[in-house]
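These notes concern the structure reproduced below.
The values are calculated or read from the model by the stated rules, or taken from the named source; none is laboratory data. Keep in mind it's a predicted model, so treat the numbers as computed, not measured. With ideal geometry, Cβ positions are generated from the backbone for all residues, glycine too; neighbour counts draw on all protein chains shown. Ligands, DNA and RNA are stripped out before the accessible areas are found, and what is left, the full protein with its side chains, is counted by its heavy atoms. Shrake-Rupley method; radii C 1.70, N 1.55, O 1.52, S 1.80 Å.
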Amino acid sequence: MVSFFNLKRNAGTFLVVLKDSPIQKLEDLKGKTVGAPSFGAGGGLALKQNLNEIGITPDQYTGIATGAGPSAIAALRNGQIDALVMWDAMLGATENTGLAVRPVNIPLEDRMVGTTLATRKAFANSNPKEVAGYCRAMTKGLVFTMTNSAAAIRLFWEEFPTTKPANLDDATALKNSVHIMRRFLEKALQDQPEGARLGEFIKPNWQNTHAAFVKLGTLKGSEAATDSYTEQFLAACNDFDRAAVVVQAKSMNQ
């Protein structure tokens, strides 16, 4: 596999507590009950590693695999857990329920690779035009969505009607979806240089991620971190009139 576009500059995973919780930082998790979709991957694994780094071992807190659905949010609301690992879109959905929460940073996550677009190396080598074309179309969509999230969501619903919430009126469904999208974009575009091309790889994060998984023993072999991504397609991904896409997005109803 090889990554060819960095969709999210930050992985967008963090710890969430109720707004009035005394937990302010990871060190405050000693003796607490912490929920996560899983402690074997993603943010749960990063939290576990980060706690080990600061001297908090698994026997000093209770970790519960809560999954990622409404039951996990209910566990936080009802006090069954003191903190919950979630990602940006899940945070948006939680806030849409009216629950007042506060994020607590997992520093290790800020040093890891976020979501990327990837394919098989053999496919990229044999089909460079197809990879570049897909990436350019996706990047146009990202620019459109950055400019007018509401219009992007309505277009998505038109194409995929079953994704539209059936239990909400149109105005509420759109408002909630826009909020979730904005939470996603906050992390996807974190520290994105103004006017710079999209999809650039943050090279130290690849080194950090590679080292972390080698240390865990889940990544084996002799490949270097730099073997896992290519900048070959970034110019083609961004090869379009960005200003025209922005004008198009702004011309549609907000």
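For region 11-28, the set of residues classified as in a loop (DSSP other than H, G, I, E, B) and surrounded by fewer than 22 Cβ atoms within 10 Å (Cβ to Cβ) consists of LYS19, ASP20, SER21, PRO22, ILE23, GLN24, LYS25, listed by residue number.
Over 21 Å from the mean Cα position of the chain (by Cα), surrounded by fewer than 12 Cβ atoms within 10 Å (Cβ to Cβ) and hydrophobic (A, V, I, L, M, F, W, C): does that describe ALA122? Against the criterion (over 21 Å from the mean Cα position of the chain (by Cα), surrounded by fewer than 12 Cβ atoms within 10 Å (Cβ to Cβ) and hydrophobic (A, V, I, L, M, F, W, C)), ALA122 qualifies. For region 59-86, a residue qualifies if it is in contact (Cβ under 8 Å) with a residue 40 or more places away in the chain and open to solvent by less than 50 Å² (accessible area, probe 1.4 Å), and the qualifying residues are ALA75, LEU76, ILE81, ALA83, LEU84, VAL85, MET86.
Restricting ILE56, ILE106 to those that are open to solvent by less than 20 Å² (accessible area, probe 1.4 Å), touching a strand residue (DSSP E or B) at 6+ places or on another chain (Cβ under 8 Å) and not hydroxyl-bearing (Ser, Thr, Tyr) reduces the list to ILE106. Name every residue in region 228-248 that is free of Cβ contacts under 8 Å to residues at least 12 places away in the same chain and in a helix (DSSP H, G or I), in order of residue number. Across region 228-248, the qualifying residues are ALA243, ALA244, VAL247. Mind checking whether some residue in region 179-201 is open to solvent by 30 Å² or more (accessible area, probe 1.4 Å), farther than 30 Å from GLU27 by Cα, of a type in the set (Asp, Glu) and part of a loop (DSSP other than H, G, I, E, B)? Yes: one or more hits.
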